[in-house]
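Heads up: the structure comes next, in structure tokens.
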Amino acid sequence: MLEPYLTEQWYLNVTPLAEKAIEAVEKGRTRIVPEQWQNVYFNWMRNIQPWCISRQLWWGHQIPAWYGPDGRIFVEETEKDTQAAAAKHYGKAVALTRDEDVLDTWFSSALWPFSTLGWPEQTPELKRYYPTSVLVTMFDIIFFWVAG
């Protein structure tokens, strides 16, 4: 018999991101063609819930979180900043353990321009391979891939 195994997961409050994305469509900076699919987009974005971004896999972009010796969680922009925050908290440098989970497919795929093309710098590779002026997709993934 199979039984569920509950594990701790990482969630991201995506409401602030959704608000910016909604505004981009409402103000015309982003267009959805044909326009009838805007209803699907807006319905998804206006009712969005916190997103579970962690997966228990052995490959992928690791969750950027570290644990102190007492289990306190540290999340900063860089690993160096994380170590500095922990040292400040504990009053000395301590060993940190990185969370073993990886980002889910949707969030991990968003890292592609960072890790391969030099974003946010305006590199020639970014301009050539990732212009982001047009996205052609099927309607059934508007809410997962496009909006997410």
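The values are calculated or read from the model by the stated rules, or taken from the named source; none is laboratory data. No experiment lies behind these values; they were computed from the predicted model shown. Don't worry about glycine lacking a Cβ; one is built from the backbone with ideal geometry, like all the others, and counts go over all protein chains shown. For accessibility, only protein heavy atoms count, side chains too; no ligands or nucleic acids. Shrake-Rupley method; radii C 1.70, N 1.55, O 1.52, S 1.80 Å.
Values for this structure:
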| quantity | calculated |
| --- | --- |
| nm² value of the averaged projected area, convex hull over the Cα atoms of the stretch 34-86 | 6.6 |
| Carbon/sulfur fraction of accessible area - the chain, other protein chains in place, 1.4 Å, % | 56 |
| With DNA, RNA and ligands ignored, accessible area of Val14 (1.4 Å probe; Å², nearest 10) | 10 |
| For Val14, distant residues with modelled amide H under 5 Å away | Trp51 |
| Thr137 accessible area, 1.4 Å probe, all protein chains in place, Å² to nearest 10 | 60 |
| Full-stretch length increase - Thr30, Phe114 - with 0.36 nm per residue and alpha-carbon distance subtracted | 28.1 nm |
| Spin-label pair Arg98/Tyr130, simplified geometry with 7 Å Cα→Cβ offset, distance in nm | 2.0 |
| Å² per residue, accessible surface of the chain at 1.4 Å | 77 |
| Segment Arg46-Gln9, length gained on full extension (0.36 nm per residue, minus Cα span) | 11.0 nm |
| Computed [θ] at 222 nm, helices only, for the chain once each DSSP H run of length n ≥ 4 contributes -39500 (n - 2.57) | -9000 deg cm²/dmol |
| Two-decimal log10 I(q)/I(0) for the stretch 28-122, as the Debye equation yields it once each C-alpha is a single scatterer, q = 0.18, 0.20 Å⁻¹ | -0.99, -1.07 |
| Exposure ranking of Leu117, Leu57 by accessible area [1.4 Å probe, largest first] | Leu57, Leu117 |
| With DNA, RNA and ligands ignored, accessible area of Arg29 (1.4 Å probe; Å², nearest 10) | 150 |
| Within the stretch 41-148, chymotrypsin sites (Phe, Trp or Tyr not before Pro) in DSSP loop having at most 11 other beta-carbon neighbours inside 10 Å | Trp58, Trp59 |
| Most mobile of Asp101, Asp81, Asp70 in a GNM of the chain (Cα contacts under 10 Å) | Asp70 |
| Lysines whose Cα lies under 22 Å from that of Lys80, excluding same-chain neighbours fewer than 8 positions away | Lys88, Lys92 |
